[in-house]
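Values in this text are rule-based calculations from the coordinates and carry no lab data. Because the structure is predicted, anything quoted here is derived from the model rather than measured. Backbone-built Cβ (ideal geometry, glycine too); neighbour counts: all protein chains shown.
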């Protein structure tokens, strides 16, 4: 299936609208002020890539394939903003929040693919989703020292058949919001981190979209003994 360009999206004014909403979000929730206070540079990956401000794809390709198997779609090598590439070798944090479905620190990096809509990267009947998730992880793991954080410090959604909140996605059930859970998980090994989180949260690994198994092949297997031990210590703390 051909990966089509996004000219229709840009020429139709859709991306201009998304950028306005992006700025409004940052302003509304205080990120603009926070970034200004601490002299933080905010990088919109899509804007950088679409403006042609990217790292040399050949250099990215060499960095990735020195450590990992080639990605399935070479276009990923031309999707790294130069602003980020210039910081290669530094710490990169995948910061995720606990959700009502299994999406942790590895899946979180799927958002670094700059296409505003990503159905194409999912493939027909989700046939390439796991590979796309792992491939973008290979790109950023090859360039940075990647760490994962997943948190539910203030709030956490918990599935409940009679929950007070109805998901905007009709295929997903209702849930309640638990406040003050005070949970945060941090690790250098994203495969182990996500496997433990998946287990603690009570998700079936078969529903984990297959990318944990695929990620093990590239980044190393998670410790089965630690997985079992963490469940025994934490019990049903994070389970719905």
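List of remarks:
- Within segment 31-121, the proportion of Cα pairs with more than 23 Å between them is 32 percent.
- Per-residue Cβ neighbour rank within 10 angstrom, fewest leading, 121, 8, 50: 8, 50, 121
- The C-alpha radius of gyration of segment 60-182, expressed as a fraction of 2.2 N^0.38 Å, stands at 1.24.
- Three principal axis lengths of segment 1-42 [C-alpha, angstrom, descending]: 44, 18, 14
- Overall shape: oblate for segment 4-82, with the ratio a/c of the largest to smallest alpha carbon gyration tensor axis at 1.5 or above and b/c at least equal to a/b.
- Taking 43, 49 and counting other C-beta atoms within 10 Å, the order from fewest to most: 43, 49
- The mean of 1/r over all pairs of different alpha-carbon atoms in the chain, once inverted, gives a Kirkwood hydrodynamic radius of 19.6 Å.
- With Cα atoms, 0 to 90° folded angle of helix 190-200 axis to the chain main axis: 30 degrees
- Relative to the dominant Cα principal axis of the chain, helix 129-143 is inclined by about 70°.
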